[in-house]
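**Student:** I'd like to ask you about the structure that follows.
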């Protein structure tokens, strides 16, 4: 039985869902007003054309009608129209008495907004996961160790507080473990961005490809192994807040050029992307390297250096702010006592050794040592015998402190500092970073000092 689609057209046009009808061979018979509205396609340009022609000319991404004809059963697919609109198409075959397909009726709904909402939900979930991964908790500024003691550190924090509300670019300089991340957090906390994210990335902690993906993110299918959903980079996650780039001196040159674009234009391109994204993020950088020397060696871009270091802030190593060592140590000792529900105090002899220790790992080493003593000692008073071996090398006898020539004493001190750092950090690479020298320099110096010690003995 033939169907008079001309008389049926007013009924089809009254439907809210789009309708597309083809014959049993895939030739378009008619569409309704809703289909025109949803897709932007006009009836006179569709009717009479074979659906394969629409696919070949990229009008639609795939043909549900042909799938229905092939499978001889209902088929539902998501179809792309004119390259951007996403529609949900359900096709149903109509059979004659001989079992032949006479028509395929397609029911169409626009799911573009639904898919956008789903994508937004996935992006939100990704951002929340990123917050959890990077631990967005900020320290209590009233209890911040940098504000507790020491005129040198207090002056640095006072300047940081004055410039925090401005947009000035800040470069924090200091050895590993001096508290550069804590200072960056403090600046964020004192700025008008405090209610927005603070995110941190160590540029020396991962290879170039991973840094780029972490920083800029990537679009779906950007590279082999990439997530099919893509990934939001820190420039997107930290939008409206602060992004702290630690060890900026280790950022590869290719990424330095991309970072310069972000700083100058507040725009970036995700990996595999074709459209620039905008970001409103404050970038604070830090390094333990001498960046001017790195510029001379061709390892750091001069234009980037002057962009990020409008205001340099210097954090001195603990050995240069000796008056802060004991108050800081006792501050963290009290914190860990509260955490582990115990009481610990230092004898005067233990205090003296703690003050005299060079602390090559700076505050990080100091915190680790305080926690170690709290959990490892059984008596309330912590004495010299309880201290790690690296803290017990100073002896009050004159022969030990002043024995030998100046050169011999300097060599002995160097050897102790190197061994102390290796014991603290476990590897020569980490120890070298803590001491602010290259790994190869540390290894050579260690071997030289050992050889000279063998000769002298």
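**Student:** If you go through the stretch 245-267 one residue at a time, how many are more than 18 Å from residue 200 (Cα to Cα) and surrounded by 19 or more Cβ atoms within 10 Å (Cβ to Cβ)?
**Tutor:** Of the residues in the stretch 245-267, 0 are more than 18 Å from residue 200 (Cα to Cα) and surrounded by 19 or more Cβ atoms within 10 Å (Cβ to Cβ).
**Student:** In addition: Check residue 359 against each of (1) at pLDDT 90 or above; (2) in a helix (DSSP H, G or I) and name the one condition it does not meet.
**Tutor:** (2)
**Student:** In addition: Restricting attention to the stretch 433-455, does a residue exist that is at pLDDT below 70 and surrounded by 14 or more Cβ atoms within 10 Å (Cβ to Cβ)?
**Tutor:** yes
**Student:** Tell me which helices (runs of 4 or more DSSP H) are completely within the stretch 23-86 and hold 1 or more residues being farther than 30 Å from residue 99 by Cα and modelled with pLDDT under 90, or say none if there are none.
**Tutor:** Filter on the stretch 23-86 gives 33-39, 43-46.
**Student:** What number of residues within the stretch 304-320 are out of contact with any strand residue (DSSP E or B) (no Cβ under 8 Å at 6 or more places or on another chain), closer than 14 Å to residue 174 by Cα and buried (at least 18 other Cβ atoms within 10 Å of the Cβ)?
**Tutor:** Final tally of qualifying residues: 2.
**Student:** Pull up the stretch 389-416, narrow it to residues that are in contact with a helix residue (DSSP H, G or I) (Cβ under 7 Å, 6 or more places away or on another chain) and buried (at least 16 other Cβ atoms within 10 Å of the Cβ), then point me to the one that is modelled with the lowest pLDDT.
**Tutor:** Residue satisfying both the conditions and the ranking: 393.
**Student:** Suppose the filter is touching a helix residue (DSSP H, G or I) at 6+ places or on another chain (Cβ under 8 Å) and without any contact (Cβ under 8 Å) to a residue 24 or more places away in the chain; does residue 36 pass it?
**Tutor:** Numbers: touching a helix residue (DSSP H, G or I) at 6+ places or on another chain (Cβ under 8 Å): yes; without any contact (Cβ under 8 Å) to a residue 24 or more places away in the chain: yes.
Judged against the criteria, residue 36 is a match.
**Student:** Taking residue 287 as meeting all but one of (1) under 14 Å from the mean Cα position of the chain (by Cα); (2) surrounded by 20 or more Cβ atoms within 10 Å (Cβ to Cβ); (3) within 24 Å of residue 434 (Cα to Cα), write down the number of the exception.
**Tutor:** (1)
**Student:** Conditions: (1) surrounded by 19 or more Cβ atoms within 10 Å (Cβ to Cβ); (2) assigned by TED's automatic domain parsing to the domain that holds residue 175; (3) in a helix (DSSP H, G or I). Residue 328 meets all but one. Number of the miss?
**Tutor:** (2)
The values are calculated or read from the model by the stated rules, or taken from the named source; none is laboratory data. Small disclaimer: the values here were computed from a predicted structure and weren't measured. So basically every Cβ, Gly included, is an ideal-geometry build from the backbone, and we count neighbours across all protein chains shown.
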